[in-house]
Amino acid sequence: MKHAALWLALLAVLAAPARAEPDEERLGKAQDYPLGTAATWYYNPYRVGAWSALDKVPGVRTRPVARAPQASALPRAVQAPAISYRYRNIRYSVADYLERQRATGLLVLKNGEIVAEHYRYGRKDDARFLSFSMAKSITSLLVGQAHARGLIASLDDPAEKYVQALAGSPYGATTVRQLLRMSSGLTFTERYDGTDDISRLSRAGAGAPGAGSPLDVLRSITTRHSPTGDKFVYASAETDVLGRVLAAATGKSVAELTSEWLWKPMGAEHEAFWRISSDGQEQAYGAFNASLRDWGRLGLLLANDGKAGGQQLVPADYLLDATDPARQPEAFRPRKATPYFGYGYQFWLLPMKQRSFVMQGIHGQGLYVQPSSGLVMVLTSVWESASGRQDPQPHEERDALWRGVLQSLGGSTAE
(Lines give C-alpha, C1' and ligand atoms only; values in the text may rest on other atoms or scores of the structure.)
Protein backbone atom coordinates (compact mmCIF):
# COMPACT_ATOMS: atom_id res chain seq x y z
CA MET A 1 0.00 0.00 0.00
CA LYS A 2 2.80 2.37 0.90
CA HIS A 3 4.56 1.85 -2.45
CA ALA A 4 1.25 2.14 -4.31
CA ALA A 5 0.57 5.48 -2.64
CA LEU A 6 4.00 6.73 -3.63
CA TRP A 7 3.46 5.68 -7.25
CA LEU A 8 0.07 7.37 -7.31
CA ALA A 9 1.60 10.57 -5.96
CA LEU A 10 4.35 10.44 -8.58
CA LEU A 11 1.86 9.86 -11.38
CA ALA A 12 -0.20 12.80 -10.14
CA VAL A 13 2.86 15.05 -10.32
CA LEU A 14 3.74 13.84 -13.82
CA ALA A 15 0.17 14.26 -15.02
CA ALA A 16 -0.21 17.75 -13.57
CA PRO A 17 -0.22 20.52 -16.16
CA ALA A 18 2.94 22.61 -16.41
CA ARG A 19 2.79 25.88 -14.53
CA ALA A 20 1.87 28.81 -16.73
CA GLU A 21 4.52 31.41 -17.35
CA PRO A 22 3.56 35.01 -16.55
CA ASP A 23 1.05 36.41 -19.09
CA GLU A 24 1.94 33.65 -21.57
CA GLU A 25 -1.37 33.84 -23.42
CA ARG A 26 -1.15 37.60 -23.84
CA LEU A 27 2.37 37.10 -25.12
CA GLY A 28 1.24 34.69 -27.83
CA LYS A 29 1.71 31.15 -26.57
CA ALA A 30 -1.37 29.85 -28.37
CA GLN A 31 0.07 31.19 -31.65
CA ASP A 32 3.49 29.66 -30.89
CA TYR A 33 4.87 33.13 -30.12
CA PRO A 34 4.47 34.79 -33.55
CA LEU A 35 6.95 37.26 -35.04
CA GLY A 36 4.60 39.90 -36.39
CA THR A 37 5.70 42.36 -39.07
CA ALA A 38 7.82 45.50 -39.32
CA ALA A 39 4.76 47.44 -38.14
CA THR A 40 3.74 45.16 -35.24
CA TRP A 41 6.87 43.44 -33.82
CA TYR A 42 7.12 45.83 -30.86
CA TYR A 43 3.67 44.98 -29.49
CA ASN A 44 1.89 42.03 -27.85
CA PRO A 45 1.48 39.20 -28.82
CA TYR A 46 4.72 39.46 -30.85
CA ARG A 47 7.23 40.46 -28.19
CA VAL A 48 8.53 37.03 -27.24
CA GLY A 49 8.89 35.84 -30.83
CA ALA A 50 10.23 39.04 -32.38
CA TRP A 51 12.48 40.09 -29.51
CA SER A 52 14.41 36.83 -29.80
CA ALA A 53 14.53 36.64 -33.63
CA LEU A 54 14.21 40.17 -34.99
CA ASP A 55 16.14 39.22 -38.13
CA LYS A 56 13.27 36.88 -39.06
CA VAL A 57 10.60 39.61 -38.90
CA PRO A 58 9.45 40.52 -42.43
CA GLY A 59 10.43 44.07 -43.36
CA VAL A 60 13.01 44.58 -40.57
CA ARG A 61 16.49 45.23 -41.97
CA THR A 62 19.47 43.77 -40.11
CA ARG A 63 23.23 43.38 -40.60
CA PRO A 64 25.07 40.31 -39.28
CA VAL A 65 27.96 40.28 -36.83
CA ALA A 66 30.15 37.24 -37.52
CA ARG A 67 30.95 34.90 -34.65
CA ALA A 68 34.34 33.50 -33.71
CA PRO A 69 35.70 30.45 -35.57
CA GLN A 70 35.78 28.70 -32.20
CA ALA A 71 33.71 29.69 -29.17
CA SER A 72 35.53 30.49 -25.95
CA ALA A 73 34.88 28.15 -23.06
CA LEU A 74 31.97 28.89 -20.76
CA PRO A 75 31.90 25.87 -18.44
CA ARG A 76 29.21 25.07 -15.91
CA ALA A 77 30.07 25.32 -12.23
CA VAL A 78 30.47 21.85 -10.71
CA GLN A 79 28.61 22.87 -7.60
CA ALA A 80 26.32 25.78 -8.26
CA PRO A 81 25.39 27.56 -5.02
CA ALA A 82 21.74 28.37 -4.46
CA ILE A 83 20.79 31.96 -5.22
CA SER A 84 18.14 33.74 -3.21
CA TYR A 85 17.09 37.35 -2.85
CA ARG A 86 14.98 39.43 -0.52
CA TYR A 87 12.26 41.67 -1.88
CA ARG A 88 9.74 43.55 0.26
CA ASN A 89 10.77 41.48 3.30
CA ILE A 90 10.11 38.13 1.62
CA ARG A 91 12.84 35.67 0.62
CA TYR A 92 12.63 34.34 -2.95
CA SER A 93 14.57 31.92 -5.15
CA VAL A 94 15.56 32.28 -8.81
CA ALA A 95 12.66 29.95 -9.66
CA ASP A 96 10.35 32.33 -7.82
CA TYR A 97 11.68 35.27 -9.83
CA LEU A 98 10.99 33.46 -13.08
CA GLU A 99 7.43 32.76 -11.97
CA ARG A 100 6.90 36.39 -10.94
CA GLN A 101 8.48 38.34 -13.82
CA ARG A 102 8.31 38.12 -17.62
CA ALA A 103 11.92 36.98 -18.20
CA THR A 104 12.85 35.25 -21.46
CA GLY A 105 16.41 34.44 -20.39
CA LEU A 106 18.55 34.56 -17.24
CA LEU A 107 22.26 33.79 -16.99
CA VAL A 108 24.56 34.12 -13.98
CA LEU A 109 28.35 33.70 -14.22
CA LYS A 110 30.90 33.46 -11.44
CA ASN A 111 34.56 33.73 -12.52
CA GLY A 112 33.63 32.64 -16.03
CA GLU A 113 31.54 29.62 -15.00
CA ILE A 114 27.80 29.26 -15.48
CA VAL A 115 26.01 29.20 -12.13
CA ALA A 116 22.49 29.56 -13.53
CA GLU A 117 21.04 29.48 -17.06
CA HIS A 118 17.32 29.59 -17.78
CA TYR A 119 15.18 30.09 -20.90
CA ARG A 120 11.46 30.80 -20.81
CA TYR A 121 8.50 31.06 -23.17
CA GLY A 122 9.93 28.36 -25.42
CA ARG A 123 13.22 30.19 -26.07
CA LYS A 124 16.42 28.19 -26.63
CA ASP A 125 20.15 28.87 -26.28
CA ASP A 126 20.52 29.98 -29.91
CA ALA A 127 17.90 32.76 -29.62
CA ARG A 128 19.36 36.21 -30.29
CA PHE A 129 17.77 38.52 -27.75
CA LEU A 130 17.06 42.16 -28.53
CA SER A 131 18.94 44.43 -26.16
CA PHE A 132 17.27 47.78 -26.68
CA SER A 133 19.57 50.28 -24.91
CA MET A 134 22.08 47.71 -23.69
CA ALA A 135 23.39 48.34 -27.22
CA LYS A 136 24.52 51.82 -26.15
CA SER A 137 27.28 50.31 -24.03
CA ILE A 138 28.56 48.28 -27.00
CA THR A 139 28.71 51.51 -29.01
CA SER A 140 30.79 53.01 -26.19
CA LEU A 141 33.22 50.07 -26.19
CA LEU A 142 33.74 50.51 -29.94
CA VAL A 143 34.36 54.26 -29.46
CA GLY A 144 37.04 53.42 -26.89
CA GLN A 145 38.68 51.01 -29.31
CA ALA A 146 38.53 53.49 -32.19
CA HIS A 147 40.15 56.13 -29.99
CA ALA A 148 42.92 53.73 -28.94
CA ARG A 149 43.64 53.02 -32.61
CA GLY A 150 43.87 56.75 -33.37
CA LEU A 151 40.85 56.64 -35.67
CA ILE A 152 39.07 59.04 -33.32
CA ALA A 153 41.86 61.48 -32.57
CA SER A 154 40.41 62.86 -29.35
CA LEU A 155 37.30 62.27 -27.27
CA ASP A 156 37.08 66.05 -27.11
CA ASP A 157 36.66 66.36 -30.87
CA PRO A 158 33.25 67.62 -31.98
CA ALA A 159 31.08 65.09 -33.77
CA GLU A 160 31.01 67.23 -36.92
CA LYS A 161 34.74 66.63 -37.39
CA TYR A 162 33.78 63.12 -38.47
CA VAL A 163 30.11 63.43 -39.53
CA GLN A 164 29.95 66.20 -42.10
CA ALA A 165 26.17 65.87 -42.38
CA LEU A 166 25.91 67.27 -38.83
CA ALA A 167 28.20 70.25 -39.45
CA GLY A 168 26.65 73.47 -38.16
CA SER A 169 24.08 71.68 -35.99
CA PRO A 170 24.08 71.60 -32.17
CA TYR A 171 24.75 67.84 -32.12
CA GLY A 172 27.57 68.37 -34.60
CA ALA A 173 29.20 70.83 -32.18
CA THR A 174 28.90 68.41 -29.24
CA THR A 175 32.10 66.53 -28.39
CA VAL A 176 32.44 62.76 -28.38
CA ARG A 177 33.02 62.79 -24.61
CA GLN A 178 29.91 64.87 -24.00
CA LEU A 179 27.91 62.48 -26.15
CA LEU A 180 29.31 59.51 -24.22
CA ARG A 181 28.05 61.09 -20.99
CA MET A 182 24.75 62.19 -22.56
CA SER A 183 25.52 65.74 -21.54
CA SER A 184 24.92 67.70 -24.73
CA GLY A 185 22.44 69.93 -22.91
CA LEU A 186 20.02 69.52 -25.83
CA THR A 187 16.38 68.70 -25.20
CA PHE A 188 15.54 65.30 -26.70
CA THR A 189 12.38 63.84 -25.22
CA GLU A 190 12.21 60.15 -24.35
CA ARG A 191 8.93 59.30 -22.64
CA TYR A 192 7.99 56.18 -24.69
CA ASP A 193 4.50 57.53 -25.31
CA GLY A 194 4.56 57.53 -29.11
CA THR A 195 4.70 61.34 -29.38
CA ASP A 196 8.24 62.04 -28.16
CA ASP A 197 11.53 62.57 -29.99
CA ILE A 198 12.64 58.95 -29.62
CA SER A 199 9.45 57.97 -31.44
CA ARG A 200 10.31 60.43 -34.22
CA LEU A 201 13.82 58.99 -34.47
CA SER A 202 12.50 55.41 -34.46
CA ARG A 203 9.94 56.15 -37.18
CA ALA A 204 12.61 57.82 -39.30
CA GLY A 205 14.91 54.84 -38.79
CA ALA A 206 12.15 52.49 -39.89
CA GLY A 207 11.54 54.54 -43.04
CA ALA A 208 7.99 55.51 -42.11
CA PRO A 209 6.27 57.72 -44.70
CA GLY A 210 6.71 61.42 -43.92
CA ALA A 211 9.16 60.76 -41.07
CA GLY A 212 12.21 62.10 -42.88
CA SER A 213 15.67 60.62 -42.29
CA PRO A 214 17.34 60.02 -38.92
CA LEU A 215 19.74 62.85 -39.76
CA ASP A 216 16.76 65.14 -40.30
CA VAL A 217 15.60 64.34 -36.78
CA LEU A 218 19.07 64.87 -35.30
CA ARG A 219 19.45 68.25 -37.02
CA SER A 220 16.01 69.32 -35.75
CA ILE A 221 17.08 69.11 -32.09
CA THR A 222 18.13 72.67 -31.24
CA THR A 223 16.53 73.63 -27.89
CA ARG A 224 18.72 73.50 -24.77
CA HIS A 225 17.81 72.59 -21.21
CA SER A 226 21.27 73.30 -19.77
CA PRO A 227 24.82 74.22 -20.82
CA THR A 228 26.79 71.54 -22.68
CA GLY A 229 28.65 69.15 -20.39
CA ASP A 230 26.94 70.24 -17.17
CA LYS A 231 24.67 67.28 -16.42
CA PHE A 232 23.37 63.91 -17.53
CA VAL A 233 20.01 63.79 -19.27
CA TYR A 234 19.16 60.52 -21.00
CA ALA A 235 18.88 60.91 -24.79
CA SER A 236 19.20 58.07 -27.30
CA ALA A 237 19.97 60.58 -30.05
CA GLU A 238 23.41 61.10 -28.54
CA THR A 239 24.28 57.43 -29.03
CA ASP A 240 22.94 57.56 -32.58
CA VAL A 241 25.43 60.36 -33.26
CA LEU A 242 28.22 58.24 -31.73
CA GLY A 243 27.39 55.40 -34.11
CA ARG A 244 27.69 57.78 -37.03
CA VAL A 245 31.03 59.07 -35.69
CA LEU A 246 32.27 55.46 -35.53
CA ALA A 247 31.30 54.63 -39.10
CA ALA A 248 32.73 57.86 -40.51
CA ALA A 249 35.97 57.72 -38.50
CA THR A 250 36.74 54.10 -39.34
CA GLY A 251 35.28 53.72 -42.82
CA LYS A 252 33.54 50.54 -41.70
CA SER A 253 30.05 49.66 -40.58
CA VAL A 254 29.32 49.34 -36.88
CA ALA A 255 28.50 45.65 -37.51
CA GLU A 256 31.95 45.07 -39.05
CA LEU A 257 33.60 46.82 -36.10
CA THR A 258 31.58 44.79 -33.61
CA SER A 259 32.66 41.54 -35.25
CA GLU A 260 36.33 42.47 -35.71
CA TRP A 261 36.92 44.23 -32.39
CA LEU A 262 34.60 42.36 -30.01
CA TRP A 263 32.66 39.35 -31.23
CA LYS A 264 35.41 37.30 -32.86
CA PRO A 265 38.26 38.03 -30.44
CA MET A 266 36.10 37.40 -27.35
CA GLY A 267 35.06 34.00 -28.73
CA ALA A 268 31.38 34.51 -29.48
CA GLU A 269 29.43 31.28 -29.93
CA HIS A 270 26.66 32.63 -32.16
CA GLU A 271 26.34 35.16 -34.96
CA ALA A 272 24.79 38.38 -33.66
CA PHE A 273 23.21 41.22 -35.62
CA TRP A 274 22.35 44.91 -35.59
CA ARG A 275 19.10 46.37 -36.83
CA ILE A 276 19.85 49.05 -39.42
CA SER A 277 18.04 52.29 -40.16
CA SER A 278 16.49 53.38 -43.43
CA ASP A 279 19.76 55.17 -44.31
CA GLY A 280 21.87 52.03 -43.80
CA GLN A 281 23.30 53.07 -40.42
CA GLU A 282 23.18 50.64 -37.50
CA GLN A 283 20.79 51.80 -34.78
CA ALA A 284 23.59 52.25 -32.28
CA TYR A 285 21.24 53.44 -29.56
CA GLY A 286 19.23 50.26 -29.15
CA ALA A 287 19.15 47.47 -31.69
CA PHE A 288 21.90 44.91 -31.08
CA ASN A 289 20.81 41.26 -30.82
CA ALA A 290 22.81 38.37 -29.34
CA SER A 291 22.47 35.01 -27.62
CA LEU A 292 22.31 34.86 -23.84
CA ARG A 293 25.68 33.16 -23.47
CA ASP A 294 27.34 35.68 -25.77
CA TRP A 295 25.88 38.50 -23.70
CA GLY A 296 27.50 36.63 -20.79
CA ARG A 297 30.84 36.49 -22.60
CA LEU A 298 30.64 40.24 -23.12
CA GLY A 299 29.96 40.66 -19.41
CA LEU A 300 32.97 38.47 -18.64
CA LEU A 301 35.10 40.70 -20.89
CA LEU A 302 33.94 43.69 -18.83
CA ALA A 303 34.54 41.87 -15.53
CA ASN A 304 38.10 41.18 -16.71
CA ASP A 305 38.66 44.90 -17.38
CA GLY A 306 38.54 44.57 -21.15
CA LYS A 307 40.56 41.36 -21.56
CA ALA A 308 39.52 38.18 -23.36
CA GLY A 309 41.60 35.28 -24.65
CA GLY A 310 44.78 36.88 -23.36
CA GLN A 311 44.16 40.07 -25.37
CA GLN A 312 43.36 43.57 -24.11
CA LEU A 313 40.40 44.22 -26.41
CA VAL A 314 39.07 47.37 -24.74
CA PRO A 315 41.65 49.76 -23.23
CA ALA A 316 41.53 49.28 -19.46
CA ASP A 317 41.86 53.00 -18.79
CA TYR A 318 38.94 53.80 -21.09
CA LEU A 319 36.82 51.11 -19.44
CA LEU A 320 37.53 52.58 -16.02
CA ASP A 321 36.58 56.02 -17.31
CA ALA A 322 33.38 54.46 -18.59
CA THR A 323 32.41 52.48 -15.46
CA ASP A 324 34.15 53.78 -12.33
CA PRO A 325 32.05 56.25 -10.31
CA ALA A 326 35.21 57.77 -8.79
CA ARG A 327 36.34 58.87 -12.26
CA GLN A 328 33.14 60.76 -13.06
CA PRO A 329 32.54 64.47 -12.49
CA GLU A 330 30.44 65.00 -9.37
CA ALA A 331 27.21 65.59 -11.31
CA PHE A 332 27.52 62.17 -12.99
CA ARG A 333 28.08 60.02 -9.90
CA PRO A 334 25.53 57.62 -8.34
CA ARG A 335 22.65 59.39 -6.60
CA LYS A 336 23.70 62.60 -8.36
CA ALA A 337 23.09 61.86 -12.04
CA THR A 338 19.81 60.21 -11.00
CA PRO A 339 18.28 59.46 -7.59
CA TYR A 340 19.98 56.02 -7.76
CA PHE A 341 22.33 55.45 -10.69
CA GLY A 342 25.37 57.35 -11.86
CA TYR A 343 26.26 57.55 -15.53
CA GLY A 344 29.64 56.96 -17.18
CA TYR A 345 30.37 56.50 -20.86
CA GLN A 346 27.02 54.89 -21.82
CA PHE A 347 27.05 52.69 -18.69
CA TRP A 348 24.84 52.95 -15.60
CA LEU A 349 26.84 53.06 -12.36
CA LEU A 350 25.57 51.51 -9.13
CA PRO A 351 26.00 53.20 -5.72
CA MET A 352 28.31 50.50 -4.29
CA LYS A 353 31.81 50.61 -2.81
CA GLN A 354 32.93 47.86 -5.17
CA ARG A 355 32.74 49.05 -8.77
CA SER A 356 29.47 47.71 -10.15
CA PHE A 357 27.78 48.77 -13.37
CA VAL A 358 24.93 47.89 -15.68
CA MET A 359 24.02 47.86 -19.35
CA GLN A 360 20.27 48.49 -19.39
CA GLY A 361 17.48 48.43 -21.95
CA ILE A 362 13.78 49.19 -21.78
CA HIS A 363 11.28 46.42 -21.03
CA GLY A 364 13.68 44.63 -18.68
CA GLN A 365 16.97 43.98 -20.48
CA GLY A 366 20.09 44.13 -18.32
CA LEU A 367 23.72 43.04 -18.01
CA TYR A 368 25.12 43.51 -14.50
CA VAL A 369 28.85 43.31 -13.68
CA GLN A 370 30.91 43.46 -10.48
CA PRO A 371 34.54 42.91 -11.53
CA SER A 372 36.00 42.42 -8.03
CA SER A 373 33.77 39.38 -7.40
CA GLY A 374 33.81 38.02 -10.96
CA LEU A 375 30.01 38.15 -11.07
CA VAL A 376 27.92 38.75 -14.18
CA MET A 377 24.14 38.57 -14.53
CA VAL A 378 22.28 38.82 -17.85
CA LEU A 379 18.52 39.20 -17.96
CA THR A 380 16.34 39.45 -21.07
CA SER A 381 12.67 40.21 -20.63
CA VAL A 382 9.36 41.21 -22.18
CA TRP A 383 8.07 43.51 -19.44
CA GLU A 384 4.86 45.29 -20.30
CA SER A 385 6.13 48.77 -19.42
CA ALA A 386 9.15 50.34 -21.04
CA SER A 387 10.53 52.25 -18.08
CA GLY A 388 10.45 52.53 -14.32
CA ARG A 389 8.51 55.76 -14.60
CA GLN A 390 5.62 53.73 -15.98
CA ASP A 391 5.92 50.78 -13.56
CA PRO A 392 8.72 50.71 -10.96
CA GLN A 393 7.95 47.24 -9.52
CA PRO A 394 9.83 45.08 -12.07
CA HIS A 395 12.87 47.36 -11.82
CA GLU A 396 12.85 47.15 -8.03
CA GLU A 397 12.67 43.36 -8.06
CA ARG A 398 15.39 43.07 -10.70
CA ASP A 399 17.69 45.18 -8.52
CA ALA A 400 16.81 42.95 -5.55
CA LEU A 401 17.68 39.86 -7.63
CA TRP A 402 21.11 41.30 -8.54
CA ARG A 403 21.78 42.12 -4.90
CA GLY A 404 20.75 38.57 -4.04
CA VAL A 405 23.21 37.22 -6.62
CA LEU A 406 25.96 39.30 -5.03
CA GLN A 407 25.07 38.17 -1.50
CA SER A 408 24.67 34.52 -2.47
CA LEU A 409 27.87 34.21 -4.54
CA GLY A 410 30.45 36.20 -2.61
CA GLY A 411 29.94 39.65 -4.02
CA SER A 412 29.50 42.90 -2.11
CA THR A 413 26.44 45.15 -1.79
CA ALA A 414 28.07 47.64 0.60
CA GLU A 415 27.46 51.26 -0.32
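Of note:
- Count of residues meeting criterion [under 15 Å from Y340 (Cα atoms) and touching a strand residue (DSSP E or B) at 6+ places or on another chain (Cβ under 6 Å)] in the range 403-415: 0
- If only residues of the range 322-333 that are within 19 Å of the chain's Cα centre (by Cα) and of a type outside the set (V, I, T) are counted, the one that is surrounded by the most Cβ atoms within 10 Å (Cβ to Cβ) is A322.
- Residue under evaluation E260, criteria (1) under 23 Å from H363 (Cβ atoms); (2) at pLDDT 95 or above; (3) surrounded by fewer than 17 Cβ atoms within 10 Å (Cβ to Cβ); (4) among the charged types (D, E, K, R), criterion not met: (1)
- Selection from the range 277-311 of residues that are more than 17 Å from the chain's Cα centre (by Cα) and in a strand (DSSP E or B): K307, A308, Q311
- Residue list for the range 271-287, filter: crowded, with 21+ Cβ neighbours inside 10 Å and over 10 Å from R63 (Cα atoms): S277, Q283, A284, Y285, G286, A287
- Residue match in the range 194-214 (condition: at pLDDT 95 or above, loosely packed, with under 15 Cβ neighbours inside 10 Å and part of a loop (DSSP other than H, G, I, E, B)): no
- The residues of the range 253-270 that are hydrophobic (A, V, I, L, M, F, W, C), within 16 Å of T62 (Cα to Cα) and touching a Lys or Arg at 6+ places or on another chain (Cβ under 7 Å) amount to a single one, A255.
- If you go through the range 376-397 and keep only what is touching a strand residue (DSSP E or B) at 6+ places or on another chain (Cβ under 7 Å) and within 23 Å of P45 (Cβ to Cβ), you end up with L379, T380, S381, V382.
- Cβ pairs under 6 Å, 6+ apart, first in the range 92-116 and farther than 17 Å from D399 by Cβ and without any contact (Cβ under 8 Å) to a residue 60 or more places away in the chain, second β-branched (V, I, T) and assigned to a strand (DSSP E or B): A116/V108
- For W402, the criteria (1) of a type in the set (F, W, Y); (2) more than 21 Å from L109 (Cα to Cα); (3) in a helix (DSSP H, G or I) hold in every case but one, which is (2).
- Hey, M359 out of contact with any Ser or Thr (no Cβ under 7 Å at 6 or more places or on another chain), crowded, with 17+ Cβ neighbours inside 10 Å and not in a helix (DSSP H, G or I) or not: no
- Of residues in the range 164-175 being crowded, with 16+ Cβ neighbours inside 10 Å and touching an Asp or Glu at 6+ places or on another chain (Cβ under 6 Å), the one farthest from Y343 (Cα to Cα): L166
- Residues in the range 217-247 that are part of a helix (DSSP H, G or I) and out of contact with any Lys or Arg (no Cβ under 9 Å at 6 or more places or on another chain): R219, A237, D240, V241, G243, R244, A247.
- Scanning the range 75-130 for residues that are farther than 30 Å from E25 by Cβ, aliphatic (A, V, I, L, M) and in a strand (DSSP E or B) yields a total of 3.
- The C-beta contact set for the range 42-56 (first residue farther than 19 Å from Y119 by Cα, second residue of a type outside the set (K, R) and surrounded by fewer than 19 Cβ atoms within 10 Å (Cβ to Cβ), distance under 6 angstrom, 6+ apart or interchain) is empty.
- Checking the stated criteria, D305 turns out to be on the phi > 0 side of the Ramachandran plot and in contact (Cβ under 8 Å) with a residue 24 or more places away in the chain.
The values are calculated or read from the model by the stated rules, or taken from the named source; none is laboratory data. Everything numeric here is computed off the predicted structure, so don't read it as measured data. Don't worry about glycine lacking a Cβ; one is built from the backbone with ideal geometry, like all the others, and counts go over all protein chains shown.
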